[in-house]
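Undergrad: Take this structure, written in structure tokens, and hold onto it; I'll ask about it next.
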Amino acid sequence: MPLAKFETMLKRTMGLDIQSIGRPMLERALQERQGSCGVADLDAYWLLLQMSEQEQLQLIESVIVPETWFFRNREAFQEMVQLQQRWPRLISASQPLRILSLPCSTGEEPYSIAMALLDAGVPPQHFQIDAIDISPQSLHVARQAVYGKNSFRGEYLSFRDRYFALNEQGYALSETVRQQVRFAQSNLFAADLLAGQAPYDIIFCRNLLIYFDRATQHQAVTILIRRLAPEGLVFVGPAESALMMLHELTPIKAPMAFAFRQGAPKPEVARTAAPPVAAYVPQTQLRAPRTAVTRTAQARPAAGSAAQQQSPVSLTAAQLLADQGKLNEAAALCEQFIRQHGASAAAYYLMAVIHDAADRKQAAADCYRKALYLEPSHADAMTHLAALLQTMGDHAGAKLLQQRARRSTENNPS
């Protein structure tokens, strides 16, 4: 039986563009569900699927491969905690901050939002987080709030000591954090999504739009904008920022946060820099590598030489250009940085993210690989490359990278 009917059903129910995950994954999911249901063939399974909403959810569970961890892409959480300086009117008991996490997967993202705000000194009664996902299985894990080692990645894990208790099942999250999040099952395209709810000051919708075709992406962004309060913030994934520039949204000048504000550009309000919070310090500091190449680049050039006339560049400047949607200029600046300072994992990783956002898949994959060559334990490069390979149809390569990332996490738990 052709797969077209199943593809159409998945697009109708969850907006999925099958090209984003590859037909082999759908075929494996269908074989798995057909076997579990004990039906003779795909024709019989199709009939069962039409009669059972529960089985539709089971099929969706089979094609969804959640990949998440606490404080993933830390820069987004860093930008969020600046709200007390940017919008003090929002942080009050009478007008609590409203935040949406969609999709919330197994809960790591909304709980990270809660921990970041609590660490920033925001009282619990001053914010509320709604977390939505299409998967009942993922929501069950989120509500249990007990996590294994794979949910904790990177070097900065001090939040685990503050908010989790180790037991026989894993790391159990404290009630202080859990009570800040309300979970619900739905999806972005549901007709009754958040019916009657007030707009949100902050929306996290990261790494979801990449699974839609272009028309569905624009539909999804329109829905998000309608749910966003005036001057509210929406956070997306690295590969989705270029899409946001096509809508009435203004990029926030926060490197690698991939944040956008509702409405037309306005003068930025000056804000006092907040002290860094150990729980979400960026994993990779973007600076020139300390190598012989760097020292040579910094040496005093001969009078009148081309090197003397070349202005130094920084990766921070490239990040700012990327956040403004100037992806070609940002990539060119990364290349110039590498010429001046020599190869570094930080530079190649940033250039990979920029190519990823511009839908230059092969260029992005090449740069992720160069970053991993220079820094084999670069967790973000591993996970981003795995996700990219999945969309390119290299499921075996993606699986190997995911396994490698998990081994790296287990070998470096703190």
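The values are calculated or read from the model by the stated rules, or taken from the named source; none is laboratory data. Note that the structure is a prediction, hence the values are computed from the model and not measured. With ideal geometry, Cβ positions are generated from the backbone for all residues, glycine too; neighbour counts draw on all protein chains shown. Please note that ligands, DNA and RNA were not included when accessible areas were found on the heavy atoms of the full protein model with its side chains. Shrake-Rupley method; radii C 1.70, N 1.55, O 1.52, S 1.80 Å.
Undergrad: Using Cα positions and a limit of under 18 Å, work out the lysines in reach of K253, with same-chain residues fewer than 8 apart set aside.
TA: Straight-distance partners of K253: K266, K326.
Undergrad: Are any of the pairs K149/K399; K149/K370; K370/K399; K361/K399 more than 24 Å apart by Cα-Cα distance, and if so, which?
TA: Over 24 Å apart, Cα to Cα: K149/K370.
Undergrad: Moving to a separate point now. Just grab the label-to-label distance for E335 and D41, each label 7 Å out from Cα along the Cβ direction, in nm (one decimal).
TA: Calculated label separation equals 5.4 nm.
Undergrad: For the stretch 152-213, evaluate the Debye formula with one uniform point scatterer on each Cα (no solvent term) and list log10 I(q)/I(0) at q = 0.16, 0.21, 0.24 Å⁻¹, rounded to two decimals.
TA: The Cα Debye sum returns log10 ratios of -0.87, -1.06, -1.12.
Undergrad: Let me ask something else. Which order, highest average first, do 37-44, 315-322 follow once you tally other Cβ atoms within 10 Å for each residue and take the mean per peptide? Present the calculation step by step, with values, prior to reporting the outcome.
TA: Numbers: 37-44: 12.6, 315-322: 21.4.
So the peptides 37-44, 315-322, ranked by packing, come out 315-322, 37-44.
Undergrad: So, one more: How much area per residue is accessible in the stretch 153-221 when the probe is 1.4 Å and only protein heavy atoms are counted (Å²)?
TA: 49 Å²
Undergrad: Another one. How much length, in nm to one decimal, is gained on full extension between S174 and Q197, taken as 0.36 nm per residue of separation minus their Cα-Cα distance?
TA: 5.6 nm
Undergrad: So, one more: Go through W46, W69 and list them by solvent-accessible area, largest first, probe radius 1.4 Å.
TA: W46, W69
Undergrad: In addition: Using a simple spin-label model with points 7 Å from Cα along the Cα→Cβ vector, what separation in nm is obtained for A215 and K361?
TA: A separation of 2.1 nm, rounded to one decimal place.
Undergrad: With a Förster radius of 45 Å, plug the Cβ-Cβ distance of E53 and E375 into 1/(1 + (r/R0)^6) and report the FRET value to the nearest 0.05. Don't skip to the end; give the middle numbers.
TA: On the way: r = 46 Å, r/R0 = 1.03.
So, using R0 = 45 Å, E works out to roughly 0.45.
Undergrad: Could you check the simple spin-label distance between M245 and E61, using points 7 Å along Cα→Cβ, in nm with one decimal?
TA: 4.1 nm
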